[in-house]
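To keep things clear, I will list the structure first and then write my remarks on it.
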Amino acid sequence: MPVGMARRHRAERIGVEAKRVRCGREVDQVEHQPSSEARTLASEAMLRAAVRQDRFLFAFQPVVCAATGSVDYFECLLRMRDEHGTLIAGVEFISIIEALGLIGVIDHHVLEKTVEELVAHPQVSLGLNVSGLTVCNPTWLQSLIALLRHRSEIARRLVVEITETAALSDMADSARVVTILRQIGCRVALDDFGAGHTSLRHLEVLPLDIVKIDGSIIRNLTNSRQNLGLLRHLLGHTKDFGFATVAEWVENEDDAELLRAEGIGYLQGYHVGRPTFERSRLATAETTVR
C-alpha cells in the first residue's frame, strides 16, 4: 500500500470529532457528515491548508509556584484556526497530523514560533511540547541546536516537555536528547507522568529538571484516596532524584491546598490560570528566569 494511502487509512481509523473552542470554552461539536471517507478527506485538506496558511497559534497557560503563586513559565498550547475562523484545540488534531505525516512540519514551526516569543518577551519562560515522533528526530534536534547554540539567554528560558510515552519508546536515545537539551541550557520536563506507562526507570536514566504529574491523578484529588496514594508514591520517588514537580489539571482550591501540603512544587490548571491568547499577560507576569 502506498505511504500516502496508508496514512489516509490510519487517519480514517482515528476519526475527527473536533471540539470547537469558543470564548475560551471547549464545546463539543457534533456534525452530520456523509461518510468517514469524506470526513477524512475534508480533514486532511483542512489540515494541509492550515499548514500552508500558517493558521496555528498559541494559548499560554501559566505554571505557578505552589508556595508563592509566581509564574515559573507558560506552557504554549497549540491551537488551529479553521477556514471559518473557529479555534480548535490541539488535542483534537495532533493525532491526525501525525497520521498524515505532517507532525515534523508542525513541530519545526512550533519551535520557531516559541523562540520568536522568547525573543519578544525577554522576562518570560515558555514550555514547548514535542511530539513523540519528533523528540529523537535528528533534523528537529539540529534545528533547535542551530537556533539556540549561541543564545544562552533564550535557551535558559525554554522548557522542553517530553511525554512519558515518547521517552519510553527509546530510553537510551531519549537520555541522549535530554542531555543535549540541558547542555544547550534548556530545562527538560517529563510530561504526563503516571498516566499509565509509568516507569521509575525514566527517573533513573533521564537527566530531567521537572516531572509533571498527569492530570488524571490530580483531578478531584481530595475525593480519591487511591489517587492520593499514587501521588504520594510518585512524589516520593521524584524527591529522591531532586526533580521539581508540577501538578496538572488543578481545578479547585481544595486540591491546590492538598497538593501544597503534600509538597508539590508547582501548580497548573484552571484554578491557577486559564489558557490565554493575550500576550499582555506575558509582558506583565512575574516569571522566574533561571
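The values are calculated or read from the model by the stated rules, or taken from the named source; none is laboratory data. Note that the structure is predicted; figures quoted are calculated from it, not measured. Quick reminder, even Gly has a Cβ in these numbers, built from the backbone with ideal geometry, and neighbours come from all protein chains shown.
Please return the ranges of strands (runs of 3 or more DSSP E) entirely within region 34-141 where 2 or more residues are more than 14 Å from the chain's Cα centre (by Cα), modelled with pLDDT of 85 or more and among the basic types (Lys, Arg). Show your work before the answer.
Values: elements: 56-65, 71-81, 87-89, 126-130.
Passing ranges: none, list empty.
From Asn227, Asn220, which residue is at pLDDT below 95, surrounded by fewer than 22 Cβ atoms within 10 Å (Cβ to Cβ) and over 30 Å from Leu111 (Cβ atoms)?
On inspection, the qualifying residue turns out to be Asn220.
Return the pair list, or none, for Cβ contacts closer than 9 Å from residues in region 71-91 that are free of Cβ contacts under 8 Å to residues at least 60 places away in the same chain and buried (at least 16 other Cβ atoms within 10 Å of the Cβ) to residues that are among the acidic types (Asp, Glu) and not in a strand (DSSP E or B), at least 6 apart or on different chains.
These pairs meet every condition: Cys76/Glu117; Met80/Glu92.
Here are some conditions: (1) of a type in the set (A, V, I, L, M, F, W, C); (2) surrounded by fewer than 15 Cβ atoms within 10 Å (Cβ to Cβ); (3) closer than 28 Å to Ala167 by Cβ. Ala283 meets all but one. Which one does it not meet?
Against the list (1) of a type in the set (A, V, I, L, M, F, W, C); (2) surrounded by fewer than 15 Cβ atoms within 10 Å (Cβ to Cβ); (3) closer than 28 Å to Ala167 by Cβ, Ala283 comes up short only on (3).
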